[in-house]
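To start, the structure itself, in structure tokens.
Please treat every number below as a calculation from the coordinates, not as lab data. Just so it is clear, the structure is predicted and the values come from calculations on it, not from any experiment. No Cβ is skipped: glycine too gets one built from the backbone with ideal geometry, and neighbour counts run over all protein chains shown.
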Amino acid sequence: MAEVEVGGIKFRGGKIFVILTALTTAGGALWGGFEFYKDYLNMKDQIQSYVAPDLSEFDKNIALTKEEMSSKTELLSTEIEMLMSEMEMMMAEIRLVSDVANELKNDLRQDVRRVEKIVNDVEQQVKEDSRDNAKDLKVTIDTLEDDMKKLEDRLKQAQKELEEKMDKRIKQALENPLGAM
């Protein structure tokens, strides 16, 4: 076997292997420590030479963006207020049109009642006329037909007046500039 003598101590076989392993491990540890120290010095130089970037342009952009957003927010609130006022005006117009429609409906009811009264009066008058004529025995079929024609003409006239009145009111409601919206 191989034998090595160092400083008066003799080393043989397995001990040499252990010593070589220990020496190479120590050398590797020293080399790693020197590399680590070198990296530390390089990093220290970089840290000391570091200059923070100029972010003033970003600050300007952020301020400009905030300003634009505030102006757009003001525009939006103005538009929302305008829309709300338009909606209120539309609601007022709808209420007005509804009131006009209710008024027309009430007027139409009154007109129908008036026509019914006229019809009843005409019927009553025809009945009275026919009784008087029957009592006098002067009633003829021609007279009855004339009365019926008169009644029919009166009804047609009343209906025509009612239709003209309704057409006039509808036309007024449609020509109303508030009703067009």
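Quick look at the numbers
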item: Percentage, to the nearest whole number, of Cα pairs in region 1-156 over 21 Å apart; result: 81
item: Rounded to whole Hz, the Karplus (6.51, -1.76, 1.60) HN-Hα couplings of region 94-100, x for glycine and proline; result: 5, 4, 5, 4, 5, 5, 5
item: Dipole in debye (nearest 20) - the chain, about Cα centre, beta carbon charges: Lys, Arg +1; Asp, Glu -1; result: 1120
item: Dipole in debye (nearest 20) - region 1-51, about Cα centre, beta carbon charges: Lys, Arg +1; Asp, Glu -1; result: 180
item: Residues of type lysines that Lys72 reaches as a straight line, Cα spacing below 19 Å, ignoring anything fewer than 8 places off in the same chain; result: Lys60
item: Of Gln48, Leu144, Ile19, farthest towards positive along the dipole that unit charges on Lys, Arg, Asp, Glu beta carbons give the chain; result: Ile19
item: CD proxy at 222 nm, helix term only [per DSSP H run n ≥ 4: -39500 (n - 2.57); per residue of the chain; nearest 500]; result: -31500 deg cm²/dmol
item: Gyration tensor (alpha-carbon) shape descriptor, region 1-51, a/c threshold 1.5; result: prolate
item: Anchor Lys117: lysines whose Cα lies under 23 Å away (excluding residues fewer than 8 positions away in-chain); result: Lys105, Lys127, Lys149, Lys150, Lys156, Lys160, Lys165, Lys168
